[in-house]
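Beneath this line is the structure, given in structure tokens, with notes to follow.
The values are calculated or read from the model by the stated rules, or taken from the named source; none is laboratory data. Here the structure is a predicted model, which is why all the values come from computation and not from measurement. Glycine also receives a Cβ, built like all others from the backbone with ideal geometry; neighbour counts cover every protein chain displayed. Surface areas here come from the heavy atoms of the whole protein model, side chains and all, with no ligands, DNA or RNA. Shrake-Rupley method; radii C 1.70, N 1.55, O 1.52, S 1.80 Å.
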Protein chains: 2
Amino acid sequence: MVNIKMIIEYDGSNYCGWQVQPNGMSVQQMIEESLFELTGERIRIHGSGRTDAGVHATGQTANFKTSSKIPPEAFSKALNHKLPDDISIVSSSEVPEEFHARFSAKGKRYRYVIFTRDSRSPFHENRSYRTMKKPDVAKMASAAVHFKGTHDFKGFMSSGSKVEDTVRTISDISVEEKEDVIEIRVFGNGFLYNMVRIIAGTLLECGYGKLDPEEIPYIINSGKRENAGPTLPSYGLFLDEVVY
Amino acid sequence: MVNIKMIIEYDGSNYCGWQVQPNGMSVQQMIEESLFELTGERIRIHGSGRTDAGVHATGQTANFKTSSKIPPEAFSKALNHKLPDDISIVSSSEVPEEFHARFSAKGKRYRYVIFTRDSRSPFHENRSYRTMKKPDVAKMASAAVHFKGTHDFKGFMSSGSKVEDTVRTISDISVEEKEDVIEIRVFGNGFLYNMVRIIAGTLLECGYGKLDPEEIPYIINSGKRENAGPTLPSYGLFLDEVVY
């Protein structure tokens, strides 16, 4: 058996998310079906983690084990012939037997895209959250700094999640504006359910002047979901990289 | 009658181009039909120029005259409610009676996007020309310089075009690379049919080493289509701005 790692890019608009679901088509299922067509094997692939319906990825990572004789590097091209245009296997390569896309992950890089124009754009539609109210980006950037470090992010997790250890480390976070596009980039050792989307929503409230950047440490320490900002929509979120 | 100028953004993938055609749906027709729904008037809109099937725009400009009492600025929002997601009216405003989107235009800015990755990307699909062979971007940039100025661009026009005066001025041209994306930006007082796509194809040949950047002046002066590079596909081309 060969263990193969894939880097996967997808536009999540037409999928119920990464993970196989009883109803609706998932990215994982599309790839597993293509692998079956290619190898004749019913292969389960392991993603670095789920992404919700509508969430995009430029660097989702997954691995699978196969006894196929297809050269590891050839899987990307062969799968891309079978997959629809909104999913692309960027690369495939052999990795040591013990590599697991989820359990071996050391960190993840996410990006949240906010589009601030009165009129919609065909080029940003479904790939950003659009707001017609221009936020103060300098305030968002100064608020972002307070998320850096190791904190209990209990208040930045959607209710219903059953994770026990809610301490995570954010080692890098930035807010940048270019014309009508604001990008929030965050790198951490792991993220709670909806954590990036809630952080983005909280930063946006700071940009709107509804929250003060200096309040962020208190909001984090309170551990209360209601003190943080809203969960921004899934379609503005991109999983850009999984670091091993 | 009020004369109204619109700035229009569209993803050209699903259209037969800007201009109304007997077969196929055009961007112009979509907007004219939405204007009819809105005002009850059969209005002809005048674009700054045609764009071919597949070509995109972030700054196409058009004008039309109406006796509707809708405030000029309100047309953009009202039309966007009726138009599909791949067309957006970025702004609408009143202009003097004599303004004509085509005849008043002083210059146009185009962008040609080349994507250089082995695997396709859902985010660049249909919005760039993909090549798996990495060109030498420095060579492309040094070739680009030779296009600057006033030249007879007869050799950079698709055959079949009946334009008589083939002299045009390119006042600005640049080639920039960012990760896997090469962008050629060109600003000029006017362009012959397929001129930007042929310039892009010629620059790419320089990047591949098939043509020498120093040969460009001779290719231009020859006035022969066969000496220039290929016409790159329509879907990599964007009309970014029309200057008045």
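Observations, loosely collected:
- Scanning region B:73-112 for residues that are among the charged types (D, E, K, R) and either within 30 Å of A:Ile8 (Cα to Cα) or within 23 Å of the chain's Cα centre (by Cα) (or both), we see that the one that is surrounded by the fewest Cβ atoms within 10 Å (Cβ to Cβ) is B:Lys106.
- Note on region A:103-124: residues that are closer than 21 Å to A:Gln60 by Cα and part of a loop (DSSP other than H, G, I, E, B) total 5.
- Across region A:200-232, the number of residues qualifying as in a loop (DSSP other than H, G, I, E, B), under 26 Å from A:Glu125 (Cα atoms) and open to solvent by less than 20 Å² (accessible area, probe 1.4 Å) comes to 2.
- Residues within region B:164-199 that are in contact with a strand residue (DSSP E or B) (Cβ under 7 Å, 6 or more places away or on another chain) and part of a loop (DSSP other than H, G, I, E, B), tallied: 6
- Unmet requirement for A:Tyr235, which otherwise passes all of (1) in contact with a Phe, Trp or Tyr (Cβ under 8 Å, 6 or more places away or on another chain); (2) surrounded by fewer than 14 Cβ atoms within 10 Å (Cβ to Cβ); (3) closer than 22 Å to A:Lys134 by Cβ: (2)
- Region B:36-89 - residue that is basic (Lys, Arg) and touching an Asp or Glu at 6+ places or on another chain (Cβ under 9 Å) and, of those, nearest to the other protein chains (Cβ to nearest Cβ): B:Lys77
- For region B:94-112, the criterion of being within 14 Å of another protein chain (Cβ to nearest Cβ) and aliphatic (A, V, I, L, M) is satisfied by no residue at all.
- Considering residues of region B:147-163 that are in a loop (DSSP other than H, G, I, E, B) and of a type in the set (Gly, Ala, Ser) only, the residue most open to solvent (accessible area, probe 1.4 Å): B:Ser159
- Taken residue by residue, region B:46-67 has no member that is part of a helix (DSSP H, G or I) and open to solvent by 30 Å² or more (accessible area, probe 1.4 Å).
- Counting only residues that are farther than 22 Å from A:Glu125 by Cα and part of a loop (DSSP other than H, G, I, E, B), region B:85-102 holds 7 of them.
- Number of the condition not met by A:Leu232 [criteria: (1) touching a residue at least 12 places away in the same chain (Cβ under 8 Å); (2) over 18 Å from A:Phe115 (Cβ atoms)]: (2)
- Cβ separations smaller than 9 Å between residues 6+ apart or across chains give the following pairs from region B:3-16 residues that are closer than 20 Å to B:Ala105 by Cα and within 10 Å of chain A (Cβ to nearest Cβ) to residues that are open to solvent by 10 Å² or more (accessible area, probe 1.4 Å) and of a type in the set (Lys, Arg): B:Glu9/A:Arg120.
- In region B:113-146, the residues that are within 14 Å of chain A (Cβ to nearest Cβ), in contact (Cβ under 8 Å) with a residue 24 or more places away in the chain and surrounded by fewer than 19 Cβ atoms within 10 Å (Cβ to Cβ): B:Asn126
- Among the residues examined, A:Arg42 does not qualify as touching a Gly at 6+ places or on another chain (Cβ under 8 Å), open to solvent by 40 Å² or more (accessible area, probe 1.4 Å) and not hydroxyl-bearing (Ser, Thr, Tyr).
- Leading residue by the ranking (surrounded by the fewest Cβ atoms within 10 Å (Cβ to Cβ)) among those in region A:164-199 that are free of Cβ contacts under 8 Å to residues at least 40 places away in the same chain and among the hydrophobic types (A, V, I, L, M, F, W, C): A:Val167
- In this structure, A:Val20 does not qualify as within 14 Å of chain B (Cβ to nearest Cβ) and in contact with a helix residue (DSSP H, G or I) (Cβ under 8 Å, 6 or more places away or on another chain).
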